1. Cβ contacts < 8 Å: first residue surrounded by 11 or more Cβ atoms within 10 Å (Cβ to Cβ), restricted to the range 77-93; second residue acidic (Asp, Glu), any location; separation 6+ or different chain. Result?
2. Answer yes or no as to whether Leu10 is without any contact (Cβ under 8 Å) to a residue 12 or more places away in the chain, in a helix (DSSP H, G or I) and surrounded by 15 or more Cβ atoms within 10 Å (Cβ to Cβ).
3. All but one of (1) at pLDDT 95 or above; (2) in contact with a helix residue (DSSP H, G or I) (Cβ under 6 Å, 6 or more places away or on another chain) hold for Gln26, so report the exception by its number.
4. Within the range 27-44, which residues are surrounded by 11 or more Cβ atoms within 10 Å (Cβ to Cβ) and outside any helix (DSSP H, G or I)?
5. Kindly indicate which of Lys21, Lys64, Lys68 is surrounded by 16 or more Cβ atoms within 10 Å (Cβ to Cβ), without any contact (Cβ under 8 Å) to a residue 60 or more places away in the chain and not small (Gly, Ala, Ser).
6. List every residue pair whose Cβ atoms lie under 7 Å apart, where the two residues are 6 or more positions apart in sequence or sit on different chains, the first residue falls within the range 32-45 and is small (Gly, Ala, Ser), and the second residue, located anywhere, is part of a helix (DSSP H, G or I).
7. Within the range 11-23, can one find any residue that is at pLDDT below 95 and of a type in the set (A, V, I, L, M)?
Amino acid sequence: MDPEEYRKKLELEILEVMEEKLKKGQMNVDRAKSIARLVLDKLCPPLTIEQIHQIAPTLGDEFKELSKAILPVMLDHEEENKIVVKHAEELIKSGKIEAALALLKNKQLE
């Protein structure tokens, strides 16, 4: 997925959570404004997918109610890391240690 599409998808999911919480009276307008301000500040384009993966958890740190929107991003990142690690393991098994190191360094697993 294109990073801009991914960012917009995350923003939309956050908006849906905010809308749901506002309708149910589980969030007040001031809290929604604070969330919107933070999201606009932190998810300001252009961003890479990796940057979005790094930023998303910080949104949840400040606003726990966003976990429903942020969890899929974190799971995507975890799955991507697993794929990179598996590929690096295969490179190591085939004796391509330098290629594996380059892959892991390029990815900078967290």
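1. If the second residue must be acidic (Asp, Glu), the pairs left are Asn81/Glu110.
2. Details: without any contact (Cβ under 8 Å) to a residue 12 or more places away in the chain: no; in a helix (DSSP H, G or I): yes; surrounded by 15 or more Cβ atoms within 10 Å (Cβ to Cβ): yes.
For Leu10, the condition - without any contact (Cβ under 8 Å) to a residue 12 or more places away in the chain, in a helix (DSSP H, G or I) and surrounded by 15 or more Cβ atoms within 10 Å (Cβ to Cβ) - is not met.
3. Looking at each condition in turn, Gln26 falls short on (2).
4. Passing the criteria: Met27, Asn28, Leu43.
5. Details: Lys64 fails: surrounded by 16 or more Cβ atoms within 10 Å (Cβ to Cβ); Lys68 fails: surrounded by 16 or more Cβ atoms within 10 Å (Cβ to Cβ).
Answer to the selection: Lys21.
6. If the second residue must be part of a helix (DSSP H, G or I), the pairs left are Ala32/Met18; Ala32/Leu22.
7. Taking the range 11-23 as the starting set, the residues that turn out to be at pLDDT below 95 are none.
No, the range 11-23 contains no residue that is at pLDDT below 95 and of a type in the set (A, V, I, L, M).
The values are calculated or read from the model by the stated rules, or taken from the named source; none is laboratory data. None of the values given here were measured: they were computed from a predicted structure. Note: ideal-geometry Cβ built from the backbone for every residue, glycine included; neighbour counts use all protein chains shown.
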